[in-house]
Amino acid sequence: MQIHSELLDDNILKVTLEGRLDVEGTQAIDLKLTTLTATSRKAVLVDLSQVDFLASIGIRTLLTCAKTTSKRGGKMLLVNPQPMVRAVLDRSGVSSLIPVYADAETALGTLDAA
Amino acid sequence: MQRQHSAPSTPLEVTDPEVSKEAQVEALVIGNRLAEMSRVETWLREITIAWALPDQVAFAVDLVINEAVTNVINHAFRDSERHEIRIAVRNRDDAVEIEVTDDGVAFDPITRLEVAPADDLEHADIGGRGIQLIRRFSTDQTYERVAGRNRLRVRIARPPVRDDLDLIGRHALFAGMESTILEPLLAGCEMRSVRAGEIILEPGQINRHLHLVLEGRLEVHLDRLGSDEGFVIEAGECTGEISVVDCRPASAFVIASMPSRLLLLPEAILWDELLRIPRIARNFMRLFADRMRARTQVMQQALEQRLRYEHLQREWEVAREIQLGMLPRRLDLGPEIEIDAGMTAAQEVGGDFYDVFPVGPDEYCIAIGDISGKGMPAALFMVRTLTMLRSELLLGQPIDESLRRINRRLCAENPTSMFATLVIALIDKRTGVLRYVNAGHDPILLGDRGIDYRALPPPRGILVGASEEATYEVACVGLRPGDVLVLYTDGVTEAMSADRRLFTLDRLLECLSEQPARSASALADRIKAAVKGFEAGARQSDDLTLVILRYRGQQPLV
């Protein structure tokens, strides 16, 4: 499980996750992702295109980090999930709590509009 | 890797030996540590390749096993001992079946409540979504506690193949939908072929699927299988919608009336995905409304039928009352003759009757009879007989001639071929002379001074309504003061006990001779009580009629 991050500008952080968000994978990135989202920012974009498995343990981490971001005045956005990962987000109810977008441009567009 | 090809004793094979011959089964035993999950991952990856599982199915199998096993590892064990968890998967034509067994504390994940959906992030629960995911990525789940073990079984249906998509797209639920949009929505749904006569739902069954009928036809029976009350579900319609909507067990039998193909939509997919699409939501509401309308129609028919029946029942009751009203109730034959007459009617309209009326200054006619059969025809025949009896007897002709004429008239117009047995007696209250005729009825009983009872030999004669040529003989007996006459119908002698024995004439004679009665009505009460005691709660099957007469003779003038 890999995690990369890059600042798109001062206020928007893009985090790219890669691998399986199962027990082992989530443990591997949990601390790093929590740390990254703990800083006050306008938005955190989580790119899920390289994530090919998502279990409830991964959902737990995503929700915790989204809550943290929200408390610091920011917003977490999920971007470009694979179809089955998208199904997990929908069927677990996560997609109604954290917005999910097909691509980064659309996601960033909503930020500009807001 | 601790991989094993499962032996025939594994639970998955025991349940369905027929299929297991062909089905591929793999099993893995792991320890109760999260670190073991990587072994599970490797094992599953190999199976996915070996069985060439479609991506959607492989993902769902992976997810369900992940959630089920981590749940067991995290929550099932209260001690620090090492435990084993067994995971088995079976590859079938239409589905992949998963079984997870552990010896932890009893825990049923299936009936557990799901996380309440939250409207916003702030109020949302962080965890508890694992069980929800198991449910939403599988078609069926069952939990059992067997021999101190938890056994969770989950079935993941293979999604409909491309060939089925056209068929599915033609269903009314998907009217106006592009099949390209449809395909991803159908992951997690199951195609099912059913045989003619196969029961799909039965009352009380928990149903978590909307059943779309793609081909064939189903029948719904509201009360019982094979009843006429029900309706048909054609291809393009659906069933199970009500139990999916109100989350209560199915309320009717649903059975395939011919070989049919169904698409089973799990309720979670229906709610969370399909109904979020406005067109599908509208189609669903339309199907639902059609179904409600069909159901209402069936209920209405059932209600009408009941009202018709109740109306008929009331008419019968009125007929019964009219019939009973024709029988004389208050009888006064002067001081010489004490009389009690009455009929205890059975539930159904029966054919017993009696009559007592004066035919001259000192003479009375006493009659009793029984129509063959029951119901409305018997009642009508009885009314005719009774009317003729009165009109013929009042002509003043000999009693045997009266009976002969009554018989001829009844024979002449007897479309339903009914018969009656009948006794007619004329008593002269001054002399105590009794003349009587008998058309196949039970004999008159004579109680000498009200003590010693015997049956009077019946004069020759056959029942009325059978032969136009019938003739009747007259018999005669002189009554002495204190003598008692008993006329009865077979409702007395053929009263039946719970163990199906008959009351019989012997028992009646015994009952009469027990002790002299104070009055005619006391004697009648005694007989009725004896019969009732004999029946001991068994249903009275026939009318019971008694006419009891005590001759007191000429009373001295005061």
Looking at (1) within 29 Å of residue A:64 (Cα to Cα); (2) of a type in the set (Val, Ile, Thr); (3) within 14 Å of another protein chain (Cβ to nearest Cβ); (4) in contact (Cβ under 8 Å) with a residue 40 or more places away in the chain, which is the one condition that is false for residue B:110? (3)
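One line per residue, one yes/no per condition, for (1) in a strand (DSSP E or B); (2) hydrophobic (A, V, I, L, M, F, W, C); (3) free of Cβ contacts under 8 Å to residues at least 12 places away in the same chain:
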position	(1), (2), (3)
B:138	no, no, no
B:145	yes, no, no
B:155	yes, no, no
B:159	no, no, no
B:167	no, yes, no
B:184	no, no, yes
A careful count of residues in region B:323-344 that are touching a residue at least 60 places away in the same chain (Cβ under 8 Å), out of contact with any helix residue (DSSP H, G or I) (no Cβ under 8 Å at 6 or more places or on another chain) and under 20 Å from residue B:383 (Cβ atoms) gives 1
Filter region B:84-105 down to residues that are outside any strand (DSSP E or B) and of a type in the set (Asp, Glu) and give me whichever is modelled with the highest pLDDT. B:103
Options B:76, B:68, B:52: the member that is without any contact (Cβ under 8 Å) to a residue 40 or more places away in the chain and closer than 28 Å to residue B:157 by Cα: B:52
I'd like to know if region B:460-470 contains one or more residues that are hydrophobic (A, V, I, L, M, F, W, C), under 30 Å from residue B:414 (Cα atoms) and surrounded by fewer than 18 Cβ atoms within 10 Å (Cβ to Cβ). yes
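What helices (runs of 4 or more DSSP H) lie completely within region A:7-114 and have 3 or more residues being closer than 25 Å to residue B:130 by Cα?
In region A:7-114, the matching helices (runs of 4 or more DSSP H) lie at A:23-37, A:56-71, A:83-91.
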What are the residues in region A:4-61 that are surrounded by fewer than 14 Cβ atoms within 10 Å (Cβ to Cβ) and within 12 Å of chain B (Cβ to nearest Cβ), if any? A:27
Taking residue B:176 as meeting all but one of (1) touching a strand residue (DSSP E or B) at 6+ places or on another chain (Cβ under 9 Å); (2) over 17 Å from residue B:63 (Cα atoms); (3) outside any helix (DSSP H, G or I); (4) in contact (Cβ under 8 Å) with a residue 40 or more places away in the chain, write down the number of the exception. (1)
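Has region B:463-472 got at least one residue that is outside any loop (DSSP other than H, G, I, E, B), in the same structural domain as residue B:528 (by TED's automatic domain parsing), more than 18 Å from residue B:373 (Cβ to Cβ) and acidic (Asp, Glu)?
no
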Of B:375, B:350, the only residue that is touching a residue at least 40 places away in the same chain (Cβ under 8 Å) and either buried (at least 19 other Cβ atoms within 10 Å of the Cβ) or closer than 17 Å to residue B:320 by Cβ (or both) is B:350
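The values are calculated or read from the model by the stated rules, or taken from the named source; none is laboratory data. Small disclaimer: the values here were computed from a predicted structure and weren't measured. Because the Cβ atoms are built from the backbone with ideal geometry, glycine has one as well, and the counts that use them run over all protein chains shown.
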